[in-house]
Amino acid sequence: MLADHTTLVQFLIEERRRHPSASGDLNGLILDVALACKAIANRVAFGPLAGVHGSADHTSVQGEVEQQLDVLANEYFLRATEWSGHVAGMTSKQMEQPYQVPAQYPRGKYLLVFDPLDGSSNFDVNVSVGSIFSILRAPNPGTDAGPDDFLQPGTAQVCAGYAIYGPSTLLVLSLGTGVHAFTLDPALGEFILTRQNIQIPRTAAEFAINASNQRFWKPAVQRYVSECLAGRSGPYGRDFQMRWVASLVAETHRILVRGGVFLYTTDSRDPGKPGHLPLLHGANPVAFLIEQAGGAASTGRGRTLEVVPEDMHQRISFIFGVRDEVQRIEEYHREINEVLDSWPLYGTRGLFRVPAS
């Protein structure tokens, strides 16, 4: 069986052979992350039998109610990666400050950024959840990392990926040489390469947005969604399906496989907020993967990967998917500033302009 399939270990060894000066530390860290993902996948697969359903009765630094599995997944990531000497520090979406590597372990040359369980509220209703991770170079290898060390733009990532725990467990990652998917073989306990050099389909027929927030959307988003809903009779000449899973990993995976566009932008609920999705722990690793797969990722005003973080838990507006669609939405953000008069199709900036009386 192994003779016919490439394991994650074999894939990483082949990648390293292309860079003779590489130390192997990056490969080691990725395998540590993969181990954490296997442990989480095992707990998720047991569902209610795992005994970790429901709330942990406290909120995270993000102000979200933590689930019991959030706490457990965070521990799996820390325990799997702290000991190896590959990391100088870690930051988790669940933790306010960077995690300091215990004194008995050596400090490495990489920083690990992760969301241990994205979409955890879906776990109790048996919908896919996932883990997201990003790897950066430590500015000061061999010493403890401080908060400022993590404030690097997404372009500085050396690896990014996610695991999705669904009907099968997949690990999807990029080292800057394309996007590759590995499926966990539970009999072997190995991730096996099942898709290589993934490219996003060039035409979108789906869009993902939380329609319950429609009344708060900015004019550019109102216009784009109204045009999608117009279907074949609209400016795009094709019907669109609307999706929303409330899991960034699940939305990302669907777009990598089937195309489409995802929108979670600033709105009028809290005009002072620059966005809703974590930049370091979510948007940057996803943007890295999407660009590697031929798509685009934007804040609505510019490239996501070029945003220089100001805070470890900074949140931003996030749009990603098929390149042409993302560019169209960016154009709408540049062009439309006034508030739409009505929804969905007949406002001053809707699909059809209302004639003057």
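The values are calculated or read from the model by the stated rules, or taken from the named source; none is laboratory data. For clarity, every value in this text was computed on a predicted model and none was experimentally measured. Positions of Cβ are backbone-derived with ideal geometry, glycine not excepted, and every protein chain shown enters the neighbour counts. Each accessible area value is taken on the protein alone, full model and side chains, heavy atoms only, with ligands, DNA and RNA left out. Shrake-Rupley method; radii C 1.70, N 1.55, O 1.52, S 1.80 Å.
Miscellaneous remarks
- Count of residues meeting criterion [more than 29 Å from Leu69 (Cβ to Cβ) and touching a residue at least 40 places away in the same chain (Cβ under 8 Å)] in segment 153-186: 5
- Tabulated pairs, segment 33-52, first more than 12 Å from Gly189 (Cβ to Cβ), second charged (D, E, K, R) and assigned to a helix (DSSP H, G or I), C-beta under 7 angstrom, 6+ apart or interchain: Ala50/Arg43; Val52/Arg43
- Subset of segment 258-273 that is in a loop (DSSP other than H, G, I, E, B) and among the β-branched types (Val, Ile, Thr) - its residue that is most open to solvent (accessible area, probe 1.4 Å): Thr266
- In segment 293-315, the residues that are charged (D, E, K, R) form Cβ pairs under 8 Å with partners that are in a strand (DSSP E or B), at six or more places apart or across chains, as follows: Arg303/Ala296; Arg303/Ala297; Arg315/Leu277; Arg315/Pro278.
- Any chance Gly294 is open to solvent by 20 Å² or more (accessible area, probe 1.4 Å) and small (Gly, Ala, Ser): yes
- Meets criteria (at pLDDT 95 or above and within 24 Å of Arg303 (Cβ to Cβ)) for Asp115: yes
- Of the criteria (1) out of contact with any Gly (no Cβ under 6 Å at 6 or more places or on another chain); (2) closer than 17 Å to Ala293 by Cβ, which one Thr143 fails: (2)
- Filtering segment 119-138 to residues that are buried (at least 16 other Cβ atoms within 10 Å of the Cβ), among the polar types (S, T, N, Q) and touching a residue at least 60 places away in the same chain (Cβ under 8 Å) leaves Ser121, Asn122, Ser128, Ser131, Ser134.
- Test result for Leu136, part of a strand (DSSP E or B), in contact with a strand residue (DSSP E or B) (Cβ under 6 Å, 6 or more places away or on another chain) and under 20 Å from Glu291 (Cβ atoms): yes
- All positions within segment 192-240 that are charged (D, E, K, R), within 30 Å of Gly176 (Cα to Cα) and surrounded by 14 or more Cβ atoms within 10 Å (Cβ to Cβ): Arg195, Glu206
- Condition met for Arg301 (in contact with a helix residue (DSSP H, G or I) (Cβ under 7 Å, 6 or more places away or on another chain) and open to solvent by 30 Å² or more (accessible area, probe 1.4 Å)): yes
- The residue that is least open to solvent (accessible area, probe 1.4 Å), among those in segment 148-168 that are more than 15 Å from the chain's Cα centre (by Cα) and over 20 Å from Ile135 (Cβ atoms), is Gly166.
- Residue within segment 310-321 that is in contact with a helix residue (DSSP H, G or I) (Cβ under 7 Å, 6 or more places away or on another chain) and assigned to a helix (DSSP H, G or I) present: no
Condition check ((1) among the aliphatic types (A, V, I, L, M); (2) in contact with a Phe, Trp or Tyr (Cβ under 8 Å, 6 or more places away or on another chain); (3) under 18 Å from Leu31 (Cα atoms)) across all residues:
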site	(1), (2), (3)
Phe182	no, yes, yes
Pro186	no, no, yes
Ile198	yes, no, no
Pro201	no, no, no
Ala204	yes, yes, no
Asn210	no, yes, no
Asn213	no, no, no
Phe216	no, no, no
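- Criterion: closer than 30 Å to Gly146 by Cβ, small (Gly, Ala, Ser) and assigned to a strand (DSSP E or B) - qualifying residue of Ala283, Ala287, Ala297: Ala297
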